1. Residues that are buried (at least 18 other Cβ atoms within 10 Å of the Cβ), touching a Phe, Trp or Tyr at 6+ places or on another chain (Cβ under 9 Å) and hydroxyl-bearing (Ser, Thr, Tyr): find the strands (runs of 3 or more DSSP E) completely inside segment 57-125 holding 1 or more of those.
2. Checking residue 21 against (1) surrounded by fewer than 20 Cβ atoms within 10 Å (Cβ to Cβ); (2) modelled with pLDDT of 90 or more; (3) in contact with a Lys or Arg (Cβ under 7 Å, 6 or more places away or on another chain), only one condition comes out false. Which one?
Amino acid sequence: MDNYANVKFTIPGVPVAKKNNMRLARGRIIKDQKVREFEAYAKLISMSAMKEAGLPVIKHPVAMEITSFFPDKRRRDVQNVPAALCDALNEIVYEDDCQICHLNMEKWLCEKGDERTEVKVWILPHNDRYPLTKK
């Protein structure tokens, strides 16, 4: 699928799961500092990748492949990792994460110090199979 990716980038560091790093304070849900830092870093790297690819914000349905590399065998739910990343890419890679029609998520072990998240995004053909879901 590398040949089809419109934009590819790598975010160094241990991927952060949004679900496990939120708390309730005074009736509001607050993102943990780790989530805010991960999202800010993902935004910065994705902006650079989009500029390098010469792409504007994508307005069509997209497919996304996320591969996360973790340094240890701790239990991590694979469905918790994409939430923070997909939210961070809003208005940078695509208009809204509701445009993601296909998501492939993998997790792998790696050597300590080689933690990262590799992201590939490509535009899907706009047809009845992949309708835009944004209002």
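1. Per the criteria, 62-70, 116-123.
2. Failed condition: (2).
Here is a yes/no grid of residues against (1) within 30 Å of residue 125 (Cβ to Cβ); (2) modelled with pLDDT of 95 or more:
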{"residue": "26", "(1), (2)": "no, no"}
{"residue": "33", "(1), (2)": "no, no"}
{"residue": "39", "(1), (2)": "yes, no"}
{"residue": "46", "(1), (2)": "yes, yes"}
{"residue": "54", "(1), (2)": "yes, no"}
{"residue": "72", "(1), (2)": "no, no"}
{"residue": "101", "(1), (2)": "yes, no"}
{"residue": "112", "(1), (2)": "no, no"}
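The values are calculated or read from the model by the stated rules, or taken from the named source; none is laboratory data. Predicted, not measured: the structure shown is a model, and the values here were computed from it. FYI the Cβ positions are ideal-geometry reconstructions off the backbone, even for glycines, and counts take in every protein chain you see.
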